[in-house]
Amino acid sequence: MTKFTDLKLSPDVLKAVADAGYETPTPIQAGAIPHALDGKDVLGIAQTGTGKTASFTLPMVTMLAKGRARARMPRSLVLCPTRELAAQVAENFDTYAKYTKLTKALLIGGVSFGEQDKLIDRGVDVLIATPGRLLDHFERGKLLLTGVQIMVVDEADRMLDMGFIPDIERIFQLTPFTRQTMFYSATMAPEIERITNTFLHSPARIEVARQATTSETITQKLVEIAPPRRDQTAKAKRELLRALISAEGESCTNAIIFCNRKTDVDIVAKSLKTHGFNAAPIHGDLDQSQRMRTLDSFRDGTLQLLVASDVAARGLDIPAVSHVFNYDLPSHAEDYVHRIGRTGRAGRLGTAISIGTPADGKYLAAIEALVKMEIPRTEAPEGFALSEAAHREPKKYDDEKGGRSGRSRSARGGRDRDRNRDEKRTPRPEREKPAEKAIVEEVALEAEDSLIVEVPEARREPSRREERRERGDRSGRYRDTGPAVVGMGDHVPDFLMRSFRPSPKPVTEAPEVAEAEIEETSEG
């Protein structure tokens, strides 16, 4: 059996590995480390939880032990799809490089640029980053990638799901052509295959398990439920989830509960806490500091249930997770493999329980086709029965009490708008205007730009045009060229009698009249 001492790692790395309590490498580590130490490109395909992080961290520390980084020019680069995975890689680097003088920098969102710039300016041997934050630093002129000797892309299929492939291609083009590249993925989609063919040079392909397979150390179960009412499906699933957790008893030391939507993450976590469970949510909309605090409390055991979106399906290296619950079956079959891979890690036993409804039929078929096995069905916990609330219609808005329950704000707002519309159709007495006043206002509005309504001088208020003219005098936009023209009845305004342009024909008759017209024109 291969041991770490057989892999030609440096003494400092072997000492750190021994301190961590490891003696035997996993298959992906035993297959990838020798090729990486020989300077070859590596394409590693393995399911999650097989030790892929150490398979590139250990040879990197060994190869970078000699040399020194220059300012703003890292010697190696590790790209990760999520902040949590990047932070985990940084922790692994600290563990295995503690007997060396190598430096690192972690570039992730949610952290100020200033602190990260200081680290880069000092010069780092290992740069661990998410693609977006890395390109932000590069575009700000704070980072150069021309000194990268080793480049690692971790969880490449997750990069594809999150839309990072264009950023990855750009980063590849910014690094030297002579770099060594290590590419790791749990699945090999056609787009991933294209990138490996483009940017990897004769890579050593290490495939330790069939693509998209689940670990044999994980016991999988599927509990199907048919809610009596479609509009109460979420409530029925929450009740079943609580019953499943309770049925596992003490064997469920901690668990990750996966939901498809961020809103459901918050709702499920709140429901569990309301019923006395020790639960907390984590998803992409939460502040980075809050996400890290939640993860730390889950790692140290103070938090039992972590309700998560797929942002946590990758990169969580918590070996002692006993259970994974799929509150929702994932819409992408590959995510099922990554979700349940959070348990049963490092040879431990784990349990993955999924909740299925009749609407999840197509998702379930895709998952079983991908993993090439039928997920074992199991019955709901003994004695489980849906509450009466799950059989009733959701509570409606109560006009008499002025409250609402079971309906969204938009629905309530729609009813309020309808009620207000009905009120407008039946005007209240105080809203009715005197007929005379209404007619005067209507006439004034229609005649505003053409007529001046005759009112007594004492009661007359300035019109809007006069107000604009007064404002225009101050701003210069409106200029008064003469007295206002009043009336359009029997009186003919003077400006209609004026000739604004001299006649092009020579004047032969009445020269005194023509001269007068010309004088008036020049004056106007």
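Here, each number is a calculation from the coordinates, and none is a lab measurement. None of these values were measured; they are calculated from a predicted model. Counting neighbours? That spans all protein chains shown, and the Cβs are built from the backbone with ideal geometry, glycine included.
Worth a mention:
- Amide proton proximity set for Met182, modelled H, under 5 Å, gap of 5+: Val42, Met151, Val152, Val153
- Annotation: amide H of Thr219 within the under-5 Å range of Gly350, Thr351, Ala352, sequence separation 5 or more or interchain, hydrogens built in the peptide plane.
- Here the stretch 218-383 has an Rg and Dmax of 14.8, 42 Å, counting Cα atoms alone.
- Over 25 Å between alpha carbons, listed pairs Lys235/Lys362; Lys52/Lys118; Lys8/Lys104: Lys52/Lys118
- Net charge in the neighbourhood of Arg133 (other residues with Cβ under 13 Å of its Cβ; Lys, Arg +1, Asp, Glu -1) is -2.
- Estimated FRET transfer efficiency when R0 is 22 angstrom, pair Arg392-Ile225 (beta carbons, to 0.05): 0.80
- From phi via Karplus (6.51, -1.76, 1.60), per-residue ³J(HN,Hα) for the stretch 376-381 in Hz, x at Gly/Pro: x, 7, 9, 7, 5, x
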